[in-house]
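Peer 1: What follows is a structure written as structure tokens; I'll ask about it next.
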Amino acid sequence: MKVLIAFDSRTGKTEKMAEYVAEGVRFSGNEVVTRRIASLKTAGDLVGYDGYIFGSPTYHHDMIGSMKTWLFIAAQADLDGKRAGSFGSYTHSGDAPRRIIETMEHVFRMKPTSLGSFNLLEHLVDMDEGRKACQDYGRAIGESLGS
């Protein structure tokens, strides 16, 4: 199975999370492609994956503007029934991943992982426990796909 991790990052913390989540997906025996959302220009760029994990930091209690705009492109892809996950870093509220996964479930009609969304305080991203938490999230999504 093949998973796309599409993310954006302001400070580099969410990008690092994407790398760790990707490691977890690989630990589950699945293939993963990690891309910044700016490189995904059309709905066609989202074709060919069995699972999707979208990542954005939280900024003022919401996902960052580039992710909001990009979700309109993703809405044009046929993601109905595909496995979904979301993640992001935050300093005080951590709302972005929840909003993203709600969009994936209710607008795109995707099937969220039973874990729901995943967020991590920025200061934990570079610590062993943060890295492991990201890897565990990726592994769980990968395992939910089979291999």
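The values are calculated or read from the model by the stated rules, or taken from the named source; none is laboratory data. Since the model is a prediction, treat every value here as computed from it, not as a measurement. Just so you know, the surface numbers come from the protein's heavy atoms only, side chains and all, with ligands and any DNA or RNA stripped out. Shrake-Rupley method; radii C 1.70, N 1.55, O 1.52, S 1.80 Å.
Peer 1: Cα to Cα, under 24 Å, and not fewer than 8 places away if on the same chain: which lysines meet these conditions relative to Lys16?
Peer 2: Lys2, Lys41, Lys68, Lys132
Peer 1: Just checking my list (1) 22.5; (2) 7.2; (3) 10.7 against mean projected area of the Cα convex hull in nm² computed from this structure; which label fits?
Peer 2: Computed from the coordinates, mean projected area of the Cα convex hull in nm² corresponds to (2).
Peer 1: If you count only protein heavy atoms with a 1.4 Å probe, what accessible area per residue comes out for the chain, rounded to a whole Å²?
Peer 2: 47 Å²
Peer 1: Would you pull out the residues with amide H under 5 Å of Ile5's amide H, same chain only if 5 or more places away, H placed 1.01 Å from N?
Peer 2: Placed amide hydrogens put Val33, Thr34, Arg35, Ile53 under 5 Å from Ile5.
Peer 1: Rank these residues by their accessible area, most exposed first, probe 1.4 Å: Asp45, Asp78.
Peer 2: Largest accessible area first, the list is Asp78, Asp45.
Peer 1: Using a 1.4 Å probe over the heavy atoms of the protein chains, calculate the carbon and sulfur portion of the accessible area of the chain as a whole percent.
Peer 2: Heavy-atom surface of the chain belonging to carbon and sulfur, 1.4 Å probe: 48 percent.
Peer 1: Calculate one ³J(HN,Hα) per residue across the range 104-116 by plugging θ = phi - 60° into the Karplus curve 6.51 cos²θ - 1.76 cosθ + 1.60, and present them in order as whole Hz with x for glycine and proline.
Peer 2: My calculation for the range 104-116 gives 4, 6, 8, 9, 8, 6, 8, 9, x, 4, 5, 6, x Hz in order.
Peer 1: Sum -39500 (n - 2.57) across every DSSP H segment of at least 4 residues in the chain, then divide by the residue count to get the 222 nm mean residue ellipticity, nearest 500.
Peer 2: The helix contribution divided over the chain gives -11500 deg cm²/dmol.
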